[in-house]
1. Averaged over its residues, how many other protein chain Cβ atoms are within 10 Å of peptide B:71-84's Cβ atoms?
2. Which chymotrypsin sites (Phe, Trp or Tyr not before Pro) in region A:280-379 sit in a loop by DSSP (not H, G, I, E or B) and have at most 10 other Cβ atoms within 10 Å of their own Cβ?
3. Using the alpha carbon gyration tensor of region A:227-379, what are the three equivalent-ellipsoid semi-axes (square root of 5 times each eigenvalue), largest first, in whole Å?
4. Rg and Dmax of chain A, using alpha carbons, in Å: what are they?
5. Which order do the peptides B:41-48, B:161-168, A:163-170, B:56-63 take when ranked by the mean count of other beta-carbon atoms within 10 Å per residue, highest first?
6. What's the average, rounded to a whole number, of partner chain beta-carbon atoms within 10 Å of each residue's beta-carbon in A:154-160?
7. Enumerate the calculated ³J(HN,Hα) couplings along region A:46-59 in order (Karplus 6.51 cos²θ - 1.76 cosθ + 1.60, θ = phi - 60°), each rounded to whole Hz, writing x wherever the residue is Gly or Pro.
8. Taking every eigenvalue of the Cα gyration tensor of region A:111-199, multiplying by 5 and rooting it, what semi-axes result, largest first, whole Å?
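Rule-based calculations on the coordinates, nothing more; no lab input. Just so it is clear, the structure is predicted and the values come from calculations on it, not from any experiment. Reconstructed Cβ throughout: ideal geometry from the backbone, glycine too, with neighbour counts over all protein chains shown.
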Amino acid sequence: MFTPSVTHPIGDFVRKLVPDAMGYVTPYLPQSVLEYIPAANSVVAFLINAVICIIAVCIVAIGNAPILIYMERKVCAHVQCRLGPMRLGWHGTIQTIADVLKMLFKEVYAPKGADKFIFYLAPMVVLIAPFLVLTLIPFDKNMVIANVPVGIPFIIAVNGFGILGILLGGWSSNNKYSLLGSLRSGAQMISYEISFAMILLFVVMVSGETNLLSITQGQEGTILDWWIFKIPVLGFIAFVLFFISSTAELNRAPFDIAEAEQELTGGYHTEYNGTAFAMFYLAEYINLVTTSSLATTCFLGGFYPPLIGVEAVDSVLMMVPGFVWFFAKVYFMIWCYMMVRWTFVRPRVDQLMDFEWKFLLPVNLVLLGLGGAYIVLFG
Amino acid sequence: MLSLPFNVSQLLSQAGAMFPTGPMDIAFYAVAFIIIVTAILTVVVRNVLQSAVFLIFSFLVTAILYLLLHAEFVALAQVMVYVGGVVIFVVFTILLTSHLGEDAFNVRIPKIFAACTLSLAFAFVMIRCILPVKELATVTTTAPADYSSLHNFALRLLGYGADSFIIPFEVVSVLLLMTLICAITVARKGKGEK
């Protein structure tokens with residue numbers, strides 16, 4: 001039986017708006033289909049709701065990217081004692097929009113001898129994972145698109161598409177630097193994906209939930225109820241490990257051997273230009289948002305305000321809506337990623353792999369064991 | 001006059017009566033059609049990497065098929081294992097094949113004929129055997145509502161009861177551990193080697 005679920009308040013609003021729209025369609029549908037439809041107007045509301053959800057994901061994804069590009073330039077500039085973009089608009093705020101427009105108007109072409117099919121497919125494959133993960137993230141109590149019971153396994157499953165897109169893009173460019181960059185990145189991301197998944201499984205283990213909304217709701221209360229502080233020491237270690245492995249997953253410096261400008265000119269997207277390049281760039285920045293959101297959801301209490309247990313302060317903090325807190329935490333995480341990017345130096349390829357296989361992975365296994373012990377003893 | 005072992009028109013009308021047309025069935029037909037198309041493209045395309053891409057699409061749509069059957073975790077495991085697996089396959093293809101983009105396969109005509117004959121015969125046997133089975137079209141689901149949800153799935157996989165699978169699970173884990181250790185033993189250098 002097909003029962004459309006419209007869980008959002010906006011869904012109820014839509015359902016009231018379209019009570020009779022189905023009457024125009026019903027005479028043309030076969031009897032076998034009609035038997036399965038419980039309430040006709042809820043189907044229309046469901047469809048409209050789906051469109052609203054798609055638009056919402058696109059707004060979050062595409063709206064965040066220019067802000068992040070501007071922020072990256074400013075953080076980078078101030079770390080290096082520069083000013084960054086200053087001329088266009090107030091403190092260079094319109095600069096990013098001008099850059100995006102320029103990029104969209106460029107001609108898109110493939111290099112000679114490239115495999116055209118894979119060359120144009122790769123940017124789309126790269127964008128699959130970030131958009132799918134965005135649908136799972138609870139921005140507020142009612143602001144989650146797909147409240148599925150298998151949230152964390154879903155995220156671990158779709159992460160593979162990022163690697164695939166980078167490999168295909170690098171190979172099909174018909175350029176030795178791109179190929180080297182994509183192979184390096186493939187090896188790196190396959191390795192670091194293991195510890196990334198293991199940290200997520202640690203969170204699943206201590207919280208006993210795989211649904212992202214339930215994981216967040218398990219952290220309701222004061223700041224000490226967030227998973228980073230709730231389990232003494234272990235939570236903080238898990239958070240640091242998550243930060244390291246997700247930096248490597250994102251291919252950001254200091255783990256950006258996939259791009260390594262000095263060695264590979266630009267890595268796997270050297271041959272891309274115009275919209276195709278913009279898609280790689282967009283995927284990178286949406287990934288930054290989704291990974292920071294995951295860190296926020298799993299460790300920093302999601303959309304709950306940082307209550308400290310003092311009544312007067314807490315009542316003020318509670319007045320701010322949840323999604324504001326969520327985005328504040330997400331942007332704090334992004335700022336941390338950016339500071340790390342412009343502070344640390346890049347390790348060599350072999351040092352990077354040694355670090356994952358000889359340090360991170362054993363530490364993760366020990367952490368999983370200790371988490372199990374904690375649950376048995378105190379949980 | 002060629003006489004067939006069965007009546008064609010009768011079989012067709014029988015099939016038409018048997019094909020259900022509910023929404024889930026239509027979804028199944030669409031998914032099955034895409035699986036067949038991508039599977040054929042996987043074999044037909046000449047470039048190894050392109051066929052790997054189509055293989056991934058075919059696996060993905062198979063995962064959607066599992067979702068239609070409400071087996072969420074199996075669908076996710078399908079994506080997790082096969083997309084990751086094919087990624088590693090792609091890495092090795094790039095590393096081990098030279099002149100990848102060029103005319104890799106030169107299939108001769110008789111082989112095509114043999115392959116067509118074999119697959120047509122196989123399809124014929126499958127249709128002949130499977131279509132008359134009435135339960136395929138009319139069987140109702142007997143499992144409880146959230147039989148294959150992640151929670152119940154995990155409880156059954158790791159439980160100790162009569163209908164749970166803890167011992168096969170442990171045996172498979174030990175087997176995987178053995179293969180891991182064997183792979184490391186094969187891959188590591190001996191003491192004398194450099």
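1. Across the residues of B:71-84, the mean count of other-chain Cβ atoms within 10 Å is 4.
2. Answer by residue number: there is no such site.
3. Ellipsoid semi-axes (Å, largest first): 33, 24, 11.
4. Both quantities, over Cα of chain A: 22.9, 71 Å.
5. Going by the mean number of other Cβ atoms within 10 Å, highest first, we get A:163-170, B:56-63, B:41-48, B:161-168.
6. Going residue by residue through A:154-160 and averaging, the value is 6.
7. Using θ = phi - 60°, the values come out as 4, 5, 4, 4, 4, 4, 4, 4, 4, 4, 4, 4, 5, 5 Hz.
8. Semi-axes (√(5λ), whole Å): 30, 16, 8.
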